[in-house]
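One structure is given here, and the rest of the page talks about it.
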Amino acid sequence: MSDWDLMMPGMGLTAIGLAGVFLSYLGIANTFLTGMQALSGLTMFVGLVFLSAGILSGGVSTSNRAKATTLVIFGISGSVGAFALSQNATVTSLPRFVGVLLIIMIPTVVIAFTAMKIPQYTKPISVIFLLAMGVGIGSYTALGFVGPGAQFSVHPVIEQNQTQPAAPAPNVPIVSVAILVNASIKGNPNYQPDTVTVEKGNIIEWKNNDNTIHTVTSASDAGATFNSDIIPKNGATYQLDTSKLNGTEYDYMCTVHPFMTGKIIITAPQKPVIANVTIPKGASSQGTAQKYFDPAELSVKVGTTVVWTNDDTSTHTVTSGNSSDNETGTIFDSGISKFKAGTTFSHKFTGAGTFNYFCQLHPWMSGKVTVG
């Protein structure tokens with residue numbers, strides 16, 4: 001017969017610990033960073049020792065009480081597990097969770113069985129398991145500080161508004177996504193917009209406006225396609241170059257808060273939109289009826305490339321700004337040596353606005369591009 005006095009506390013502790021482990025490792029509660037998963041694992045460990053010892057007392061029990069206890073444990077674990085899976089579209093920590101369960105269950109069952117059947121070996125077997133755990137935890141901690149791919153540090157993290165990876169090349173459109181304040185609270189809006197459509201080759205930039213850390217991690221493969229790692233709080237950013245992605249949809253999530261999800265839709269790049277401006281002959285001579293840039297004022301859409309063609313017999317420049325400005329050419333500048341007679345100069349406008357320009361050699365030559 002089983003020992004009901006051992007099985008009762010064992011069942012309770014095991015159920016509490018198992019529920020806590022589920023909640024910790026499947027992302028229902030934000031406990032991974034607070035150490036609750038360790039406390040849950042310890043509770044489950046102690047509960048399993050009592051439960052196993054009670055069931056194995058006097059042999060493997062077949063009593064109705066023992067069967068009922070087993071059904072209760074499976075019922076609790078099944079219901080909590082089903083609820084956890086229903087709340088997470090993608091559970092990236094499931095392999096880790098299975099590993100933790102095995103690490104907890106195997107030693108407890110072995111120790112309990114030894115205590116009931118061959119008690120003289122209980123102490124040495126328990127010492128072996130404890131030493132093995134100590135070596136494992138010590139090695140993990142030590143390698144976390146000094147080993148390859150070390151992820152621990154005794155120094156505080158200096159949070160800087162950095163981008164990962166390096167800043168994109170000029171003239172590449174950047175599509176912004178905000179991580180909203182209080183996004184770490186379940187049920188609140190998190191990514192804005194939560195679905196973003198971009199052309200292949202554009203840059204997507206996430207800005208963390210929340211007061212806690214987040215990640216942007218591809219959900220289907222646990223970060224193999226793209227992964228921001230930790231994005232520091234209060235304005236830090238992460239940039240993703242879509243030129244290396246396929247033209248399809250990608251779900252992503254925050255690994256710190258798995259209920260935060262979003263989607264990227266990559267579309268095929270559109271054919272370039274080109275608008276032409278000509279510098280006609282005689283533009284280097286100032287005159288009432290003389291055209292300098294044709295057309296002098298141009299309205300285009302965002303993403304349009306404007307091509308200036310020098311049909312004059314003189315060298316010119318196409319320089320952003322006005323001749324009276326202190327700083328010119330900060331947005332685009334053809335330079336003198338590259339825009340001689342018969343040559344072209346182009347610039348792609350990736351943002352809306354009004355852009356004045358002129359010729360540095362002939363300041364009366366001016367034009368304007370309106371991008372909307």
Query raised in the report: How large is ³J(HN,Hα), in whole Hz, for each residue of the range 204-219 in order, when computed from phi with the Karplus curve 6.51 cos²θ - 1.76 cosθ + 1.60 and θ = phi - 60°, using x for Gly and Pro?
Result: 10, 10, 9, 10, 7, 8, 7, 9, 9, 6, 8, 9, 10, 10, 4, 7
Query raised in the report: How big is the accessible area of Ser184 in square angstrom, nearest 10, if you roll a 1.4 angstrom probe over the protein chains?
Result: 40
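Please sort 212-224, 122-134, 301-313 by packing, taking for each peptide the average over its residues of neighbouring beta carbons within 10 angstrom, highest first. All intermediate terms of the calculation are to be shown ahead of the outcome.
Working: 212-224: 18.9, 122-134: 12.5, 301-313: 17.1.
Per-residue Cβ counts within 10 Å, averaged per peptide and sorted highest first, yield 212-224, 301-313, 122-134.
Accessible area per residue for the range 229-350 in Å², computed with a 1.4 Å probe and the full protein assembly in place, what is it?
Working: 6480 Å² over 122 residues.
Value for the range 229-350: 53 Å² per residue.
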Report summary line: Given backbone amide H placed at 1.01 Å from N, residues whose amide H is under 5 Å from that of Asn182, ignoring those fewer than 5 places away on the same chain, are Asn211
Query - Solvent exposure, largest accessible area first (probe 1.4 Å, DNA, RNA and ligands not counted), of Ile16, Ile266 - result: Ile16, Ile266
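Just to verify a number: FRET efficiency for Trp364 and Thr267, C-beta to C-beta distance, R0 = 45 Å, to 0.05? Don't jump to the answer; show the numbers that get you there.
Working: r = 44 Å, r/R0 = 0.97.
E between Trp364 and Thr267, to the nearest 0.05, is 0.55.
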Query raised in the report: Which whole-Hz couplings ³J(HN,Hα) result when phi for each residue of the range 178-183 is put into the Karplus expression 6.51 cos²θ - 1.76 cosθ + 1.60, θ = phi - 60°, listed in order with x for Gly and Pro?
Result: 9, 8, 6, 5, 6, 5
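Determine the gain in length on full extension of the stretch Phe129-Asn182; use 0.36 nm per residue of separation and subtract their C-alpha separation, reporting nm with one decimal. Mind dumping the intermediate values first?
Values: separation 53, 0.36 × 53 = 19.08 nm, distance 4.30 nm.
Extra length available between Phe129 and Asn182 comes to 14.8 nm.
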Report summary line: Distance in nm between Lys244 and Lys301 label points, each 7 Å along Cα→Cβ, equals 3.0
Query raised in the report: So what does Tyr292 come to for accessible area, using a 1.4 Å probe and Å² rounded to 10?
Result: 40
Query raised in the report: Per-residue accessible area for Leu361 at 1.4 Å probe radius, Å² rounded to 10?
Result: 80
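The values are calculated or read from the model by the stated rules, or taken from the named source; none is laboratory data. None of the values given here were measured: they were computed from a predicted structure. For neighbour counting, all protein chains shown are included, and Cβ atoms are generated from backbone atoms with ideal geometry for every residue, glycine included. These area figures cover heavy atoms from the full protein model, side chains too; ligands, DNA and RNA do not enter into them. Shrake-Rupley method; radii C 1.70, N 1.55, O 1.52, S 1.80 Å.
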